[in-house]
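The values are calculated or read from the model by the stated rules, or taken from the named source; none is laboratory data. Since we're looking at a predicted model, the values are computed, not measured. A quick note on method: Cβ atoms are made from the backbone with ideal geometry, for glycine too, and the neighbour counts reach across all protein chains shown. With ligands, DNA and RNA removed, areas are computed over all heavy atoms of the protein, side chains included. Shrake-Rupley method; radii C 1.70, N 1.55, O 1.52, S 1.80 Å.
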Amino acid sequence: MFNQVTEIENDFDPNLSRQTNLTKSVSRLAAVQIMYQLSMTDTSVVEVINHYESLLTSKTLDESMSMMAAPDTSFVKDLVIGTYPQIESIDEIITKYLDESWSIDRIDVLLLNILRCGVYEIKDALSVPPKVVISEYLSISDAFYDSKISGLVNAVLDKVVNDLRPIETN
């Protein structure tokens, strides 16, 4: 397990404020966006994260985000740096749980990165309850896709939980 997981493992506390939980949700969305950018460009992880951090510190973005929770940049980095080096093994896990009518090549790049981040958290962020992980990535998929695609996200992540963390599914 990566050292980056430490922050993620300490992430979930049912007593956290609503604002803190919103910050985690926004952070997961940011991580998916960074993973998408990495999938679409030849830019290095370091460059993309640095670009992302510079956007967060820009005055224009601060003004436009005043009504939203700001992402936790440390949590975002942990998710990206944890997920990105494991893409091949994570993609194998995703492929294993796709319905026979789907292939990983057929999955939209954004959707694939939603699944990748979700699988990473299920595998490596063991203190975050699986239901929380699934719920968070379902919310992200709901923002971009219809219920059929969200059903795919739910099915794949649920199968991953049942396989990798079966003791927690009861």
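Scoring V48 on the criteria (1) crowded, with 16+ Cβ neighbours inside 10 Å; (2) of a type outside the set (S, T, Y); (3) modelled with pLDDT under 90 leaves a single failure, condition (3). Residue count for region 92-132 under the criterion of being farther than 21 Å from K148 by Cα and surrounded by fewer than 17 Cβ atoms within 10 Å (Cβ to Cβ): the result is 4. Checking every residue in region 92-111 against the condition of being in contact with a Leu (Cβ under 6 Å, 6 or more places away or on another chain) and touching a residue at least 40 places away in the same chain (Cβ under 8 Å) gives at least one match. When we screen D146, D78 for residues that are within 18 Å of S27 (Cβ to Cβ) and either open to solvent by 60 Å² or more (accessible area, probe 1.4 Å) or touching an Asp or Glu at 6+ places or on another chain (Cβ under 9 Å) (or both), the only hit is D78.
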